[in-house]
1. Give the residues of segment A:171-188 that are surrounded by 14 or more Cβ atoms within 10 Å (Cβ to Cβ) and among the aliphatic types (A, V, I, L, M), sorted by residue number.
2. Within segment B:2-18, is even one residue within 14 Å of another protein chain (Cβ to nearest Cβ), assigned to a loop (DSSP other than H, G, I, E, B), at pLDDT below 95 and more than 20 Å from residue A:221 (Cα to Cα)?
3. I need the full set of residues from segment A:229-256 which are in contact with an Asp or Glu (Cβ under 9 Å, 6 or more places away or on another chain) and either at pLDDT 95 or above or surrounded by 21 or more Cβ atoms within 10 Å (Cβ to Cβ) (or both), in order please.
4. Which strands (runs of 3 or more DSSP E) does segment B:27-109 wholly contain that include 2 or more residues that are closer than 30 Å to residue B:141 by Cβ?
5. Among the residues in segment A:172-195, are any touching a residue at least 40 places away in the same chain (Cβ under 8 Å), touching a strand residue (DSSP E or B) at 6+ places or on another chain (Cβ under 7 Å) and not acidic (Asp, Glu)?
6. Among the residues of segment A:195-217, which ones are aliphatic (A, V, I, L, M) and in contact with a Leu (Cβ under 6 Å, 6 or more places away or on another chain)?
7. Condition (residue is crowded, with 20+ Cβ neighbours inside 10 Å, hydrophobic (A, V, I, L, M, F, W, C), farther than 30 Å from residue B:54 by Cβ and more than 14 Å from chain B (Cβ to nearest Cβ)) applied to segment A:272-280: is it met by at least one residue?
8. Suppose we filter segment B:199-218 for residues that are surrounded by 20 or more Cβ atoms within 10 Å (Cβ to Cβ) and touching a helix residue (DSSP H, G or I) at 6+ places or on another chain (Cβ under 9 Å); how many remain?
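The values are calculated or read from the model by the stated rules, or taken from the named source; none is laboratory data. Since the model is a prediction, treat every value here as computed from it, not as a measurement. All Cβ positions, glycine included, derive from the backbone under ideal geometry; neighbour counts span all protein chains shown.
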Amino acid sequence: MMEGPVAELGPAAAEERRRPVRALHLAILAALLAAQFVASPFQRSLLARIMVLGAYAAGYNVLVGYTGLMSLGHAMFFAAGMYATGLLTYYAGAGAAAAFAAGLAAGVVVSIVVGVIALRTSGVAFLIVTLMFAQVFYLTALYFNRITGGDQGLILAGRLAPLRLGSLEVPFTDPAVRYNLALGVFAACFLLTLWLVRSPVGRVLIAVRENEERTRMLGYNTFAYKLVALVVSGGLSGMAGGGYTLLFSYLGASFASVLFSIYPLLWTLLGGAGTTIGPLVGTAVMTYLLDLASGVTDSYLIVVGVALVLIAIRFPAGIMGTIRARWARWLP
Amino acid sequence: MASLTPLLETVALTRTFGGLCAVGAVDFRLHRGEIRAIIGPNGAGKTTLVSMICGRIRPTSGRIVFRGRDITQLPAHARVALGIVYTFQVISVFKRLSIYDNVALPAQRRLMRGLRGRLALRGRAVTERVDAVLGEVGLRGAAGRPAASLPYGHQRLLELAMALALEPEMLVLDEPTQGLASDEIAGLSALLRRIAQEATVLLIEHNMQVVLDLSQRVTVMDGGRIIAEGTPREIEANPEVQRVYLGR
């Protein structure tokens, strides 16, 4: 009947469990933890940025990579977190923890509102609707520039109470504090997405990506699952936005612009959409590329364009997607 | 049998597409435990009728009653939860996913209760269910491979395995033997007969040999209406059916 030898399910499932998925993910976090002891101050600052933006990309990946819904409006969720955290700190003198929680909550609330409307569409229409919502958000942030600081943004320095560790007081912008908090934010997004995509819900999300109509006819309310994916994605993006504001003491409307919706798309596609590790890899590669390019030319955004074209033509699966297809099918 | 409450009943079920009446005021009854075939020429409204029964298409008017409950307004996924399971005319397995995942998806459906069930399941419960269903259709050996690697006939079996994993009360099959070789058709017929011991089976089928061989009753549609219903022998002998469908 079947061509070639085939494994029985029992051993196959057991083999699946032996695969070092959890160990690999923990090893990556451990490597990031260790990197701060060998990296130069400049590298350390760059890595902290990569980790916070990598958290944003990981959130984006839940929707685009695992659920198959292409959004061009994620800057809205990131910026919602940024403004909630930043404005509460700037005007209300909120503590870091409360402000950070508000950033996460803002991402969740905005994604619920947008999702209930935008998820009536799919494909290109979904992309356009999310883009439009994000533009409205961006223009609103500019319009209220007396409060938000508009394009110039607001600087939080001096308004944020320092972190207290016992009798020790350290500011958030202290390099060591910043690095480890960035690691914390990233680790939360990283492990949460790993767990989610391997859960029963994750299996349904992947099925929606592959064939929504079929998934519906297997008894799943696909609208509800897509909404869950969007809210998780928006929540993580908001959390990353809040984290960014705290760690870099800045918020500004440029983070709500369409460019900041394109970036996570680029990072995710470059690293590998629908892989847990891809967003971090993509963010890191792109950040270093931009860093190199900006030393050579002022029009460094051309690197972004070239990268997008190359990915589309040569590596549609991205770095980790290609690795998974060729060598490690077990990667989640 | 006719005096019992039917498992499924449609009342004046109608669907129009623009000016075209695909299904017109169809009263259809199906009893528990039956294997029922729906036959008819292309464009007779067979697929539209079962699509309304499964909730893929909304009726223009009329009612659908399943186990005594009006399900006309119920979305498709909720009908699956009631036990109405549909397999597609065009094979639509998840080609890029493993055979295991293809079956685990419907298998976990019944185990996912409440928030905890959605976020974590006993892996063993799903694995055992997948194992049993793949064994039933004869695909157990291939669980780890992507579905796309299966030959066509085996993808049909996988489609059926996915339906079985949902533990259907009423299994709706849209041309299950389409594109299969004759020995594969024999295997599928035997499998359907086994399935019918636990589930009611409603199938659209063009292959008359399969229809005569499997079904206890046959419904003939033409032009969006039911033109005849009876045992396979009665249908074969019906002059109206011969004129419209069998072309004799």
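1. Of everything in segment A:171-188, those that are surrounded by 14 or more Cβ atoms within 10 Å (Cβ to Cβ) and among the aliphatic types (A, V, I, L, M) turn out to be A:177, A:181, A:182, A:183, A:185, A:187, A:188.
2. Start the filter on segment B:2-18 by keeping residues that are within 14 Å of another protein chain (Cβ to nearest Cβ), which leaves none.
Checked segment B:2-18: no residue is within 14 Å of another protein chain (Cβ to nearest Cβ), assigned to a loop (DSSP other than H, G, I, E, B), at pLDDT below 95 and more than 20 Å from residue A:221 (Cα to Cα).
3. Looking only at segment A:229-256, we keep the residues that are in contact with an Asp or Glu (Cβ under 9 Å, 6 or more places away or on another chain), and these are A:252-254.
Once the filter is applied, which keeps residues that are in contact with an Asp or Glu (Cβ under 9 Å, 6 or more places away or on another chain) and either at pLDDT 95 or above or surrounded by 21 or more Cβ atoms within 10 Å (Cβ to Cβ) (or both), segment A:229-256 yields A:252, A:253.
4. On the way: elements: B:35-39, B:61-66, B:84-87.
Of the strands (runs of 3 or more DSSP E) lying wholly inside segment B:27-109, those with at least 2 residues that are closer than 30 Å to residue B:141 by Cβ span B:84-87.
5. Going residue by residue through segment A:172-195, those that are touching a residue at least 40 places away in the same chain (Cβ under 8 Å) are A:172-173, A:175-176, A:178-183, A:185-194.
Imposing the further condition that a residue be touching a strand residue (DSSP E or B) at 6+ places or on another chain (Cβ under 7 Å) reduces the set to A:172.
Of the ones still in play, those that are also not acidic (Asp, Glu) are A:172.
Yes; the residues of segment A:172-195 include at least one that is touching a residue at least 40 places away in the same chain (Cβ under 8 Å), touching a strand residue (DSSP E or B) at 6+ places or on another chain (Cβ under 7 Å) and not acidic (Asp, Glu).
6. Within segment A:195-217, the first condition is being aliphatic (A, V, I, L, M), and the residues that meet it are A:196-197, A:201, A:204-208, A:217.
Scanning segment A:195-217 gives a single hit, A:207.
7. Step one: list which residues in segment A:272-280 are crowded, with 20+ Cβ neighbours inside 10 Å, which gives A:272-280.
Pick out the ones that are also hydrophobic (A, V, I, L, M, F, W, C) and you get A:273, A:277, A:280.
Subsequent filtering for residues that are farther than 30 Å from residue B:54 by Cβ retains A:273, A:277, A:280.
In the following step, the residues that additionally are more than 14 Å from chain B (Cβ to nearest Cβ) were identified as A:277, A:280.
Yes: one or more hits.
8. Pass one, segment B:199-218, residues surrounded by 20 or more Cβ atoms within 10 Å (Cβ to Cβ): B:199-205, B:210-211, B:214-215, B:218.
Of the ones still in play, those that are also touching a helix residue (DSSP H, G or I) at 6+ places or on another chain (Cβ under 9 Å) are B:199, B:201-205, B:210-211, B:214-215, B:218.
Here the count works out to 11.
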